[in-house]
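**Q** This structure is in structure tokens; I'll ask about it shortly.
The values are calculated or read from the model by the stated rules, or taken from the named source; none is laboratory data. Everything numeric here is computed off the predicted structure, so don't read it as measured data. In this analysis, Cβ positions are derived from the backbone assuming ideal geometry, glycine residues included, and neighbour counts consider all displayed protein chains.
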Amino acid sequence: MAARAVPSLRRAAADALALILPVHCAGCTTGGIGLCEPCRSALAPRVRRRPVAGFAAHAGLVFDGPRARTIRAFKEEGRTGLARPLAGALRAAAAAAVAECPPAAAPGGWTVVCVPASRAGLRRRGFRPVELLASRAGLHPARLLLAARATGDQRGLDREARRRNVAGSMRARGVHGRGILLVDDVITTGATLAEARRTLLAAGASLVAIAALAATPRRDESEGTPR
């Protein structure tokens, strides 16, 4: 069997186990089901346009309540079967991000590029969450943005500390002259997206549109209440 088939088989097995042997709902911990209907409904896309470091990003969900718990279960508990119910929100955010750009922005079509998984995150999880989400959303990502160096854990860092942590942490290849749709999972301060965008533009990308699965709530956004 080709070595490259092994990760796909591993993901398929994990997806099957997540569906066959659900321990509790990822969103609300109801027993006996992987994702209950109310929590599944909470994942319906509600796209927000989010200003980030002087540019615009689009997010399909607010990262709060059952949405945040479901995303954490997907990323940190290895419940990869959740990528499918989450994918619709990312797909909607991607459509909104592209629609905001001038029609001639990407004459050759958009190239989808994901924020790369950190090396530590990949070792810990065994999969790339953003790439898996993008694939389930039908976005067909290309691995043209790569980690250039190790970074520290972003959790607990303020905006400036995050910016310093990710500065110079990525490198891009094969993006010159392309319109890039940059995809991430959760927008917090936007430091990682800003560095990814800078790296892509420095490598010659003609334009970078940005879509994310979710964004942390602002003061005018509360759990369960659209802005």
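**Q** Give me the pairs, please: first residue somewhere in the stretch 117-144 and touching a residue at least 60 places away in the same chain (Cβ under 8 Å), second residue anywhere and assigned to a helix (DSSP H, G or I) and surrounded by fewer than 19 Cβ atoms within 10 Å (Cβ to Cβ), beta-carbon distance under 6 Å, and either six or more positions apart or on two chains.
**A** Note: no pairs meet the criteria.
**Q** Moving to a separate point now. So for the stretch 61-68 (the condition being modelled with pLDDT under 95 and either crowded, with 18+ Cβ neighbours inside 10 Å or under 30 Å from LEU200 (Cα atoms) (or both)), does at least one residue qualify?
**A** no
**Q** Check LEU43, LEU61 and return the single one that is touching a Ser or Thr at 6+ places or on another chain (Cβ under 7 Å) and within 24 Å of ARG128 (Cβ to Cβ).
**A** After applying the criteria, what remains is LEU43.
**Q** If you check ALA56, ALA42, which single one turns out to be closer than 19 Å to CYS114 by Cα, at pLDDT 90 or above and not polar (S, T, N, Q)?
**A** Just one listed residue meets the conditions, ALA56.
Yes/no matrix, rows are residues, columns are (1) in contact with a helix residue (DSSP H, G or I) (Cβ under 8 Å, 6 or more places away or on another chain); (2) of a type in the set (A, V, I, L, M); (3) closer than 28 Å to ALA147 by Cα:
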{"residue": "GLU37", "(1), (2), (3)": "no, no, no"}
{"residue": "ALA57", "(1), (2), (3)": "yes, yes, yes"}
{"residue": "GLY60", "(1), (2), (3)": "yes, no, yes"}
{"residue": "LEU86", "(1), (2), (3)": "yes, yes, yes"}
{"residue": "CYS101", "(1), (2), (3)": "no, no, yes"}
{"residue": "VAL113", "(1), (2), (3)": "yes, yes, yes"}
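**Q** Shifting gears a bit: Among the residues that make up the stretch 132-149, is at least one of them aliphatic (A, V, I, L, M), surrounded by 23 or more Cβ atoms within 10 Å (Cβ to Cβ) and more than 19 Å from GLY60 (Cα to Cα)?
**A** yes
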